[in-house]
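What follows is a single structure, written as structure tokens, with notes after it.
Any read-out appearing in this document is the output of simple, stated calculations on the displayed coordinates, not a laboratory observation. All figures in this text were calculated on a predicted structure; none of them were measured in a lab. Heads up, the Cβs are rebuilt from the backbone with ideal geometry, glycines too, and the neighbour counts pull from every protein chain shown.
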Amino acid sequence: MSLLQVTYDRLGYTQSKNGTTMSNAWPHPRRGRGHRHKDQDRANREQAVEQKVKDPVPHGICMTMCPANELRQRKAQNRLHKFEMVPGTERDRLPRADVLCAVKEYSRPAAGKDSTRPSDLRPSSALLKTVCYLVDDIAASKTFQPWTEVYSFVFDRLRSVRQDMIIQRLSGPECVTMLEKSVRFLLYASYRLCGQPLQYFDPRINDTHLQETLSWLLECYREGKHQHQEAFQALSLLYNLGSFHTMQHALQLPERIRHSPAVQLALAVSRAHTEGNPVRFLRLAQRLDFMQVCALHRHLLSCRRDLLLLYSHGYNSHNCRYPLQRLSRLLFLKEPLAAELCQVHGVNISREWVIFSKNSFTESPSGDLQCRHMHEPVDDEKWNCNSDGIIHSCD
């Protein structure tokens, strides 16, 4: 072997027909380290893919209400909600974030965006803590105002919670508790914000999310016994009066649930609504608790209109006078509101008497009838209570 060949071998070169080429025997130290890093990254990616194949359902590891990465981004982009800011820094150019109050916001799935990273997902324990904070500390608080802004914040953050739950396919008692609190919040919002401008409250969007959450909750009830199942089965019946699917579901419930007082009362209200009996419907409505009335309230105005229409034909006489006080009890309204409702529908009021006439009755009032205004009933203590102790009364 020649001296030149020995030198080539020691330096790591190989002799080929076309000339001398560098061998991989002695790699460049910096270049070799880069290759090792690339190989390690490739191995990590392959391991992650293999892990996803073995367990396709991601599991969150973020134990705070808002992932650290999102909180940094929103703080830098000045996208913190005022409920998430450190008090006193709201007017700063970049307000400081309160880590204990910041909550992950909802973001739509986008192409190229990985929404399944464990560091961005919250496990069930962290999600339950988040829901309790949103409902008990924000929505039910008397210090956060206006409530339209409270609703907007809580609605968005609860939507993000459900998104994390769906990605991780959560189930079990903690999942049921989160869904129950979400349903109560959305029901209460539909009552409290009824009649608000669309820029503050859209009843259709609220109804869509309420129906989805309620459907998910009822599906979870199929998996086992839960403490508040009877109450929420009744709420579903009252909210979806006239729905064949809801009635069919209620009639197929286990006997112990179907014969519970709450479900039996809801079934009676549903039958009165189906039979077109507004008098019985409103009498039964007076036996409901506040949250049940929140579920029923969107049907009350049409039922009261039907009662006035029925009485306008039944008591159609110039010589007939009906006591306003008695009618207000039937309508389950205070006398001034009952008189206002009568006048809107063309029913004449003469002092404390009501004069019904089928010719003057107006089924579709031309004026702006405030639905929320007409939901105010007789019993102030039972109906006109604050949100504190209402939304989160199911624990």
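Computing FRET efficiency as 1/(1 + (r/R0)^6) for Arg258 and Ser215, where r is the C-beta to C-beta distance and R0 is 22 Å, gives about 0.70.
Separation of region 131-182 and region 270-298, taken as the distance between their Cα centroids, equals 28 angstrom.
Report the FRET efficiency, 1/(1 + (r/R0)^6), for Met63 and Arg351, where r is their Cβ-Cβ distance and R0 is 56 Å, rounded to 0.05.
My answer for the efficiency is 0.25.
Spin-label model, Asp92 to Tyr315: label points 7 Å out along the Cα-to-beta-carbon direction sit 6.5 nm apart. Rounded to 0.05, the FRET efficiency of the Gln73 and Ser152 pair, given R0 = 25 Å and the Cβ-Cβ distance, is 0.75. For region 78-99, backbone nitrogen atoms closer than 19 Å to the point 7 Å from Lys113 Cα along Cα-to-C-beta are found at 78-81. Filter the GluC sites (Glu not before Pro) in region 217-317 down to the DSSP loop ones having no more than 14 other Cβ atoms within 10 Å, then list what survives. In loop regions of region 217-317 (DSSP not H, G, I, E or B), the sparsely surrounded GluC sites (Glu not before Pro) are Glu223.
For region 227-275, the relative contact order comes to 50 percent (Cα pairs under 8 Å, sequence separation of at least 6).
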